[in-house]
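Q: Below are the C-alpha cells for one structure; questions will follow.
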Amino acid sequence: MAQPGRSGRVNRVAALEGKRIVVVGTSGSGKTTLARALAAKMGVPHIETDALHWGENWTPVPFETFCDRIEKALAGEAWVIDGNYSRT
C-alpha cells in the first residue's frame, strides 16, 4: 500500500487498489452472480464479457469488435469484470 506524502501517482494507485477485480471460472460456476454482487457492494460498474461477446441471436461479434468493446469497458478507473475468454 502507498504511504502518505508520496508522489501523486503513488497516491492515485493506492486510491484504486482493489477497485479493478476480475472474476474467472468455468461455465455455470457463478461468476456473473459474484461479480454483480461485488460491483453493487463497491458501487462500481459490472462488466459481463458474455454481453460484450455475443450479438443478436446469440451470434458472436467479430473478434475486433469484441476487443474494442472490452477496451472501452476497461477504460474506467474501477470495475468488476467476469468471464472466461482467453483471447482478449
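The values are calculated or read from the model by the stated rules, or taken from the named source; none is laboratory data. This is a predicted model, so every value here is computed, not measured. Positions of Cβ are backbone-derived with ideal geometry, glycine not excepted, and every protein chain shown enters the neighbour counts.
Q: For region 64-88, give me the residue count where each residue is surrounded by 13 or more Cβ atoms within 10 Å (Cβ to Cβ) and small (G, A, S).
A: Looking only at that region, the number is 3.
Q: Filtering region 41-63 down to residues that are among the small types (G, A, S) and part of a loop (DSSP other than H, G, I, E, B), which residue is surrounded by the fewest Cβ atoms within 10 Å (Cβ to Cβ)?
A: Here the residue is G43.
Q: I would also like to ask the following. Does V61 qualify as being out of contact with any helix residue (DSSP H, G or I) (no Cβ under 6 Å at 6 or more places or on another chain) and at pLDDT 95 or above?
A: yes
Q: Name every residue in region 64-88 that is aliphatic (A, V, I, L, M), more than 17 Å from K41 (Cα to Cα) and outside any helix (DSSP H, G or I), in order of residue number.
A: L74, A75
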